[in-house]
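Read the figures in this text as sums done on the coordinates, not as results from a lab. In this text, all values refer to a predicted model and were calculated from it rather than measured experimentally. Glycine gets a Cβ as well: all are built from the backbone with ideal geometry, and neighbour counts include every protein chain shown.
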Amino acid sequence: MTHGDLIALLPLLVIAGTAIVVMLAIAVRRSHAAAAAFTAVGLASAFACLFVAAPLAPHDVTPLIRMDSSALFYVGLILAGSIAVVFLSYGYYSRQPNGRPEELYILIAIAALGSATLVSASHFASLFLGLEILSVSLYGMVAYERNLKTSVEAGVKYLVLAAASASFLLFGMAVVYFELGTMEFEKMATAAERPDVAASIVAIGLVLILVGIGFKLALVPFHMWTPDVYEGASAPVAAFVATVSKGAMFALLLRYFHQAGARHNTALLLVLTTIAVASMFAGNLLALLQNNVKRILAYSSIAHLGYLIVAFEAGGDMAGFAVAFYLVAYFATMLAAFGVVAVLSTPGNDLGNLQSYRGLFWRRPVITGVFTVMLLSLAGIPLTAGFVAKFYIVAAGASALLWLLVFSLVVTSAIGLFYYLRMIVALYSHVPERMAAGSTPLMQGGSLSLVWTLSALAAVVIALGCYPSPVLRLIQIMLIGSV
């Protein structure tokens with residue numbers, strides 16, 4: 001390891017150090033506020049280290065890690081999302097009278113480390129290492145409310161299905177390595193051109209890898225775990241799974257399929273097209289049948305990952321540009337949506353039933369306003385980040401003449417409008433007297449950090465919808481030609 005290698009790895013080293021510091025602090029003295037503060041400061045320091053590592057990009061740290069501008073951008077996005085989850089968790093768990101939430105922050109830091117490793121991986125070994133670091137942390141995070149049956153059940157389901165998907169991923173890696181003789185992404189593209197390579201065997205390996213990645217992204221038909229896990233996990237943990245975990249996996253998918261040349265495999269693109277169309281339709285249609293807000297958001301996330309596949313298949317600079325902006329908008333929107341659920345939840349009971357949100361505007365107008373903005377953004381309504389993000393996805397698909405995917409996106413977005421508007425109507429509908437009598441004040445103990453975090457996220461969503469130019473310029477500078 002050279003001095004340059006250490007500087008390039010500094011953001012990841014700081015994230016790992018944060019988990020160790022928080023663990024030692026908890027061993028000395030239990031303090032929820034201290035654990036949250038150490039985690040937030042550590043992740044913020046890792047974010048600052050990105051600017052230290054940026055002058056060295058692109059930099060290969062052994063064949064395993066490539067810290068280029070794309071990796072730095074997505075690591076920054078992961079850290080920003082993780083910091084938001086820390087604040088949401090502090091506000092949420094401060095209202096738990098008998099909880100011991102300190103260890104959750106260790107898991108958040110370790111999961112952020114796994115996610116950062118994924119987006120900077122350039123080798124099958126680092127890919128699997130990052131995936132397992134992320135997955136093992138998520139098992140504990142999902143089942144963290146160990147006194148709740150639904151939380152433990154969700155954790156067990158995620159554990160079993162994640163282990164099964166990891167076996168597909170490993171088998172796919174073994175098949176590709178057997179035929180190509182390399183595990184480095186960039187060398188795979190060259191090796192695949194050898195005349196002695198059987199393209200059919202490589203395609204089988206790629207499909208198996210896609211199964212493993214598809215599970216983490218909750219793409220159809222690997223989506224069955226999603227609504228149960230989102231419903232069983234606490235609202236901040238569900239927000240982490242929906243944003244940081246999926247964002248890291250999609251950034252990895254974009255890097256791997258580009259560098260390894262797998263995106264030029266016609267059979268694989270056909271499989272991806274089928275998965276994307278199925279995810280868009282299934283996610284939106286199944287959301288229509290739900291009466292639980294967390295399950296609605298779960299199915300909505302399935303549809304949104306289907307939208308991202310449209311840009312992924314388009315390829316070229318436009319694909320990386322559209323995916324990056326969509327993930328920024330998606331992170332801010334989903335974090336705030338689950339943050340609203342966290343604000344309204346009571347200890348041991350996340351407010352899930354849509355009926356409980358009826359007439360919320362007349363009791364908590366500020367929270368209702370934030371939730372309304374998030375729902376409009378998820379629906380892709382103008383003047384929100386979601387509209388600009390979908391515009392670039394459609395533009396990427398149209399530029400590549402992917403008319404089936406673009407048509408599916410437009411039709412399913414129209415279907416999605418129904419359940420988003422259904423939720424908005426419930427928020428502003430008449431308040432039954434029995435609900436008005438049981439209303440609670442806007443600020444509860446520990447919820448100040450929640451409200452400030454939601455306010456910041458809402459400002460980001462509106463700013464990206466009204467004036468996206470600064471973020472678009474940043475993406476263009478960092479990502480074009482580097483993915």
Of the listed pairs Lys246/Lys294; Lys187/Lys246; Lys157/Lys246; Lys187/Lys216; Lys157/Lys294, those with alpha carbons more than 21 Å apart are Lys187/Lys246; Lys187/Lys216
Using only C-alpha positions, report the orientation-averaged shadow area of the convex hull of the stretch 8-137, nm², one decimal. 7.4
P(r) of the stretch 275-355 over all Cα-Cα pairs, binned every 10 Å from zero, in whole percent: 18, 39, 30, 11, 2
Taking N as the number of residues in the stretch 92-154, what is its Cα Rg relative to 2.2 N^0.38 Å? 1.32
Relative contact order %, the stretch 99-200, counting alpha carbon pairs below 8 Å whose residues are six or more apart: 22
Relative contact order of the stretch 212-294: what whole-number percent is it, with Cα pairs under 8 angstrom and at least 6 residues apart? 40
Helix 293-314 vs. the chain, principal-axis angle (Cα, 0 to 90°, nearest 10): 30
Which semi-axes, in whole Å and largest first, does the equivalent ellipsoid of the stretch 75-120 have when worked out from the alpha carbon gyration tensor as the square roots of 5 times its eigenvalues? 24, 11, 4
As an exercise, identify the trypsin sites (Lys or Arg not before Pro) in the stretch 127-191 lying in DSSP coil whose Cβ has no more than 13 other Cβ atoms within 10 Å. Arg146
What list do you get for Cys49, Cys466 if you sort them by fewest beta carbons within 10 Å? Cys466, Cys49
Angle between the chain longest axis and helix 124-142 axis [Cα atoms, degrees, rounded to 10]: 10
Where the convex hull is taken over the Cα atoms of the chain, what is its projected area averaged over directions, in nm²? 21.2
Under-5 Å amide H pairs with Asn292, H placed in peptide plane, nonlocal only: Leu354
Neighbourhood net charge (14 Å Cβ-Cβ; Lys/Arg +1, Asp/Glu -1) for Ile65: -3
Against the longest principal axis of the chain, how steep is helix 3-28, in degrees 0 to 90 to the nearest 10, with axes from Cα atoms? 30
q = 0.12, 0.13 Å⁻¹: log10 I(q)/I(0) that the Debye formula gives for the stretch 189-326, counting C-alpha atoms only: -0.49, -0.57
For the stretch 44-93, calculate the relative contact order in percent as a whole number, restricting contacts to Cα pairs under 8 Å that are 6 or more residues apart. 36
dims of the stretch 62-176, Cα set, principal axes, largest to smallest, nearest Å -> 49, 31, 16
